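Have a look at the structure below before the remarks.
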Amino acid sequence: MATPEQNVKTAKIGMIGLAVMGENLAMNIERNGFPIAVFNRDPAKVDNFVARTPGKQVIPTKSPEEFVRSLERPRKVILLVKAGDPVDWTIAQIKPFMDRGDIIIDGGNSFFVDTERREKSLKSEGLNFIGSGVSGGEKGALWGPSLMPGGDRDAYEQIRPIWEAIAAKVDDGPCVTYIGPGGAGHFVKMVHNGIEYGDMQLIAEAYDIMRNVLGLGAAELADIFDEWNRGDLESFLIEITAKILRVNDPETGKPLVDLILDKAGQKGTGRWTSEVALDLGIIVPTIDAAIDTRTLSGRKDERVEASKQISGPSQKYTGDKKAMIAAIHDALYASKICSYAQGMNLIRAGSEKWNWNINLGEVSRIWKGGCIIRAQFLDKIKQAYQRRSDLPNLLLDPNFKAWVEEAQPNWRLAVTTAMQQGVPVLAMACSLNYFDMYRTANLPLNLTQAQRDFFGSHTYERTDKPGQPPVHTEWEELLEQ
């Protein structure tokens, strides 16, 4: 462990990693009155950052040892480096100079299982480790993100004044709360990103129906999204969609969005959400659809070739445009409710599996500001969990249930119209099918179980003998009788 601290100027907290997110979060911390030490593997980044922040309470350091020595005890170190091996490598660089009780905070998009491993390993050596989700992008990091910290509760209490100061502020407080022990914070951030995937895909599908079924141009679409952003759909993603649709390319004068190749990237957190949901037995079809769509979007050449060889519907939509726009609005909102229901159920399942005791109402509250999925209706989700903390599904909340039931005709109209016109709406359709499956008392899986018993003797339970042990039938013998 470390030797006695040298007589140097000290900082309240330190930042390792000076890419855009690291720089912006560091400036946020300093602006809120906390002197900050900074370090980066590339010393030039430190020099450049300090040169651009003259007169600020920023302490530049050029080695892991100098960095650690510049911090007040108990030391608090934020890591904003690439998830995976770089996190372990960075911890190994600073650990020899740290003392018992010091705190390392991983603010990146680390997989929660890695966070659990690191937290346990460092605790055995007397060090505290916090995995904190940080959402809001570059601007959020600078002006107020949504923060999702998990790990040792006492360690969080030591960083709490800083976290509450730098977080986004909404009507009921700063957008940060203690999520739970171990990897709980990064688990919630992972699911947040999965919900974000679903949100973005649903918006893209609404946009696609309006441009390809109704033939609307970018300017008309911008006006529609602007109007939607003044109602139930008010959210950051709807807001920026309207802005994107108003930007024209300086070179051609055409809407810039129309010149962007339809290949969407992904960094892995959405896929993790899908994989973990499968492991926990929670279905997240809207999120799965968003991941599938991004994956298929990457096969651009293959899709272009298929479009030349495979024909779709030829008829054109002749219905009322205003009525269809209203239907698409309702389909988007209802699908969004289903997507969030899936995500919140996954958080509950993870909390129960790993005994994290996550408060779903608080999670929805801290997502109201700062983060990418911030939206007006998150307050309604918070209220739903305040009314009933053990709510099995958002669709069973009286307010959400009433709204979705009322939206059904428009929801079904938008989805079926898109399908009739050959416009893919995988996420909307998955949300609608999720809704229909959830509200169906008798699914056709009795036949599936009969098939399993026929070819694999997997047994089944009888509806006329509830509570009785499963039975097996020799199906072909009965046929011969």
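Rounded to the nearest 10 degrees, the inclination of helix 184-212 to the longest alpha-carbon principal axis of the chain is 50 degrees. Assuming R0 = 45 Å, can you tell me the calculated FRET efficiency for the pair GLU125 and ILE283, based on Cβ-Cβ distance, to the nearest 0.05? Computed FRET efficiency for GLU125 and ILE283: 0.65. The value given for region 143-220 is a Kirkwood hydrodynamic radius of 15.1 Å, derived from the mean inverse Cα-Cα separation. Fully extending the segment from LYS243 to ASP99, taken as 0.36 nm per residue of separation minus the present Cα-Cα distance, adds 46.9 nm. Placing +1 on each Lys and Arg Cβ and -1 on each Asp and Glu Cβ, with no other charges, gives region 142-287 a dipole about its Cα centre of roughly 360 debye. Seen against the Cα atoms of the chain and their longest principal axis, helix 85-94 is set at about 20 degrees. Residues whose amide H comes within less than 5 Å of that of GLU234, counting only those at least five positions distant or on another chain, are GLN376 (H built at 1.01 Å from N in the peptide plane). In the chain, a dipole from Cβ-located charges (positive for Lys and Arg, negative for Asp and Glu) runs towards its positive end, and of VAL415, TRP475, ALA51 it is ALA51 whose Cα lies farthest in that direction.
Annotation for ASP171 and LYS82: the two label points, set 7 Å from Cα along the Cα-Cβ direction, are 4.3 nm apart. In the context of the full set of protein chains, the chain has a per residue accessible area of 48 Å² (1.4 Å probe).
Relative to the longest principal axis of the Cα atoms of the chain, the long axis of helix 378-387 lies at roughly 80 degrees.
The charge dipole of region 42-142, taken about the Cα centre with unit charges on the Cβ atoms of Lys, Arg (+1) and Asp, Glu (-1), comes to about 240 debye, rounded to the nearest 20. Fully extending the segment from GLN158 to ASN399 would add 82.9 nm, taking 0.36 nm per residue of separation and subtracting the current Cα-Cα distance. Based on the reciprocal of the average 1/r between different C-alpha atoms, the Kirkwood radius for the chain equals 24.9 Å. Modelled label positions at ASP292 and GLN266, each set 7 Å beyond Cα in the direction of Cβ, lie 1.1 nm from each other.
Distances between placed amide hydrogens fall under 5 Å for GLY14 paired with ALA37, LYS76, VAL77, ILE78, all partners being 5 or more residues away or on another chain. Projected onto their three principal axes, the Cα atoms of region 1-138 cover extents of 40, 38, 26 Å, largest first.
Judged by the mean number of other Cβ atoms found within 10 Å, the most tightly packed of the peptides 70-83, 450-463 leads the ranking 70-83, 450-463.
Where the accessible area of the chain is counted over protein heavy atoms with a 1.4 Å probe, how much of it, in %, is carbon and sulfur? Reported share for carbon and sulfur atoms: 52 percent. Can you return the lysines within cross-link range of LYS56? Criterion is Cα-Cα under 21 Å, with same-chain partners fewer than 8 residues away left out. In chain and number order, the partners are LYS9, LYS12, LYS45, LYS76, LYS139. Annotation: amide H of MET98 within the under-5 Å range of ALA2, sequence separation 5 or more or interchain, hydrogens built in the peptide plane.
For LYS382, the lysines whose Cα falls under 18 Å of its own Cα, not counting residues fewer than eight places away in the same chain, are LYS169, LYS189, LYS336, LYS368, LYS401.
For the pair LYS465 and TYR438, label points projected 7 Å from Cα toward Cβ lie 3.5 nm apart. From most to least packed by mean Cβ count within 10 Å, the peptides 362-372, 400-410, 20-30 give 362-372, 20-30, 400-410. Sorting 323-333, 307-317, 185-195 by average packing, meaning the other beta carbons within 10 Å per residue, from highest down gives 185-195, 323-333, 307-317.
The values are calculated or read from the model by the stated rules, or taken from the named source; none is laboratory data. Bear in mind the structure is a predicted one, so any value in this text is a computation, not a measurement. Neighbour counts run over all protein chains shown; Cβ positions are idealised from the backbone, glycine included. Areas reflect the complete protein model, heavy atoms only, side chains present, ligands, DNA and RNA absent. Shrake-Rupley method; radii C 1.70, N 1.55, O 1.52, S 1.80 Å.
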